[in-house]
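See structure below.
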Amino acid sequence: MTPLRIYVTGSSGQLGQALKEESIHFPHLSLRFLTKTELDITDSNAVNALLENCDADYLIHAAAYTAVDKAETEQDLCFAVNRDGSRNIASALRHTRCRMIYISSDYVYHTYNGFPLHEESPVNPQGIYARSKVAGEQAVRDTGIPAMIVRTSWVVSPYGHNFVKTMVRLGKEKDRIQVVNDQFGCITSAGDLARTLLLMTEKWHVETNAFHPKFHTIYNYSNEGCISWYDIACRIMECKEYHCHVHPIASREFASAAPRPQWSVLAKQKIKTNLQFEIPHWITALDCILDKVDN
Ligand SMILES: NC(=O)c1ccc[n+]([C@@H]2O[C@H](COP(=O)([O-])OP(=O)(O)OC[C@H]3O[C@@H](n4cnc5c(N)ncnc54)[C@H](OP(=O)(O)O)[C@@H]3O)[C@@H](O)[C@H]2O)c1
């Protein structure tokens, strides 16, 4: 059986590295990892040269500008990567058979209604990063290529910079920290997301044509649960047995340049039904990551 060929952009990032680790468990998939040095997605000539005639079956677009606060002062760069870079990729794939998977964000919703946010919920992006992610989704859709959009939240992993790693560092250094307790959502283990994406490619490639509604659509994905950043910090201190007191505070007490959604609880019934699988609970996911992060 010929292995499915999958390209991954932004492969040094959290999701990119998780895909590398997870791919070991998928012998029927052949992944090609593209770092920013190997493929700068803002360079349309380079993107065309690599992708216009590529033989990939899927491209997982994990490259993004993700510095949410910095984006408020780097608007041009943020849009160049998240909107224009995504358009470059989708346009280059137009005459290939490659399907694209665009990773998007809970930030696109920015609505607090107390119910899990469905894929059909209206978008209401606040801040530069959020608007650039919506613009990226639209740019990909506008090219008309077969594309799946996966909106995910609070990505954490043993790699790069993220909330879990920051808490582990602070737990070792401090005896008291303050953490926001009025933003609700759930972590997404980059490893769990990576496994899900690879599972989809393997399962649906034979089952569906490229524009099948199972593929050419939007999915939410995060781990299971509805928690605040404070809950996560408490669990980390407990698991790591750090003597660091976590004090809950309101968002207004924690200054940040970009607006943060107060409600990032994603409805995931659609992906669970279509893939017929269970999503790991946030505690399972977090504990697994903590096992890989040094004390
Ligand atoms: N992190 C989160 O909490 C979160 C939440 C919701 C959704 N998401 C989305 O999930 C996806 C994966 O996020 P992540 O956490 O894995 O992000 P990440 O760790 O910041 O990785 C992004 C990668 O993209 C690369 N990149 C930046 N500019 C590029 C360019 N011009 N050309 C090629 N590569 C470029 C970065 O390289 P350098 O590091 O060298 O710049 C980095 O390796 C993104 O689409 C993000 O928007 C993330």
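The numbers here are math on the coordinates, done by the rules we state, and not lab data. Source: prediction; values computed, not measured. Here Cβ is always computed from backbone atoms with ideal geometry, including for glycine, and neighbour counts include all displayed protein chains.
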For this session: Using only the Cα atoms of region 142-295, each taken as one equal point scatterer with no solvent, compute I(q) by the Debye sum, divide by I(0), and report log10 of the ratio at q = 0.11, 0.13, 0.14 Å⁻¹.
Result: -0.50, -0.67, -0.75
For this session: Work out, in µm²/s and without decimals, the Stokes-Einstein translational diffusion coefficient of region 239-295 at 37 °C, 0.692 mPa s, Rh from Kirkwood over C-alpha pairs.
Result: 213
Exercise. Where in region 207-244 does the label zone of Thr284 land, with the point 7 angstrom along Cα→C-beta and an amide N cut-off under 14 Å?
Worked result: 222-225
Exercise. How long are the semi-axes of the ellipsoid equivalent to region 171-242, from square roots of 5 times the Cα gyration tensor eigenvalues, in whole Å, largest first?
Worked result: 37, 14, 7
For this session: Run through every distinct alpha carbon pair of the chain and return the Kirkwood hydrodynamic radius in angstroms, one decimal place.
Result: 19.6
Seminar exercise, completed: Over the chain, the sum of -39500 (n - 2.57) across DSSP H runs of at least four, divided by residue number and rounded to 500 deg cm²/dmol, gives at 222 nm -10500 deg cm²/dmol
Seminar exercise, completed: Between Glu253 and Leu199, Cβ-based FRET efficiency (R0 41 Å, step 0.05) works out to 0.50
Seminar exercise, completed: At 37 °C and 0.692 mPa s, the Stokes-Einstein diffusion coefficient in µm²/s for region 41-111, with hydrodynamic radius from the Kirkwood sum on alpha carbon pairs, is 251
For this session: Can you grab the distance from the C-alpha centre of region 19-47 to the C-alpha centre of region 76-119, Å, no decimals?
Result: 17
Seminar exercise, completed: Once Arg97 and Gln269 are pulled to full extension, the length gained, defined as 0.36 nm per residue separation minus their Cα-Cα distance, is 59.0 nm
Exercise. Taking the simple approach of a point 7 Å from Cα along Cα-to-Cβ for both Ala80 and Thr2, what is their distance in nm?
Worked result: 3.8
Exercise. Cα atoms only, region 1-133: Rg and Dmax in Å?
Worked result: 16.0, 49
For this session: Would you list which aspartates and glutamates come within 16 Å of Lys174, measuring only between C-alpha atoms, while excluding same-chain residues fewer than 8 positions from it?
Result: Glu238, Glu241
Exercise. For region 88-221, what is the per residue volume of the convex hull drawn over the alpha-carbon atoms, in cubic angstrom?
Worked result: 138
